[in-house]
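First up is the structure itself, then whatever we jot down about it.
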Amino acid sequence: MTEQQQTTNTTTTTEPAGAAESTEQEPFDAERAMEKIRKTNSENAGLRKRLKELEQYEAAARAAEDAKKSEAQRFAEQLADANRRAEEAELGRLRERVARRAQLPDELADRLRGNTEEELTADAKALAALTANAQAAGREERRKAPDPSQGQGMALNGDPLLDSLRSKLGI
C-alpha cells in the first residue's frame, strides 16, 4: 500500500461509525455544496454589514465615555491643584508667623523647614541662634585693628621683571 492509501484507511477507521455510514450513503453533490457555500457567504455578508453598523455605535459610545472621563479627570486635577495651593498658602503663613515670633528677618522665613508648627519653631530657634552668632562675629571682626601689612610691598600696577630688564638694558 502507498502512503496516501494508508492515510485514507486510518482516517476512515478513526471516524465514528455513524460518520462513515453518512459519507457512504450520501454521494458528493456539487450543486448542494455550492448552495451551502452561497448561503454561508450571504449570512457572512449580513453579519459583516451588521458588525460595521455596531462598530459605529461602539465608537460613539467610547467617545462619549472618554469625554465624560476626561471631564471627570479634569475636575479631579483642578481639585488636587486647588488643595495643593491651599496647603502651600497655609504653610507659608505659618512660616511667617513662626519667623516673626523668633524675630527672624522676613528673608529667612522661607528658609524654615518643617510641616508642623513645632518643627518650624525648632528650626526657627536654630536659625536665630546661627544668625545671632554670625552677627556677633561680624561685630568682633569690625572691632579688630587693621592689618599693618596690608598695602605695603610692591605696587599693584607695576611689573618687577620688566623693571629689572629695563634697568639692566639701560632702557
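Any read-out appearing in this document is the output of simple, stated calculations on the displayed coordinates, not a laboratory observation. Note that the coordinates shown come from a computational prediction; the quantities given were computed from them, not determined experimentally. Glycine gets a Cβ as well: all are built from the backbone with ideal geometry, and neighbour counts include every protein chain shown.
Approximating the spin labels as points 7 Å out from Cα along Cα→Cβ, the R166-to-A129 distance works out to 6.0 nm.
Under 28 Å of direct C-alpha separation, and excluding same-chain neighbours fewer than eight residues apart, K36 reaches these lysines: K49, K52. With the gyration tensor restricted to C-alpha atoms of region 54-138, the semi-axes of the equivalent ellipsoid amount to 52, 10, 8 Å, longest first.
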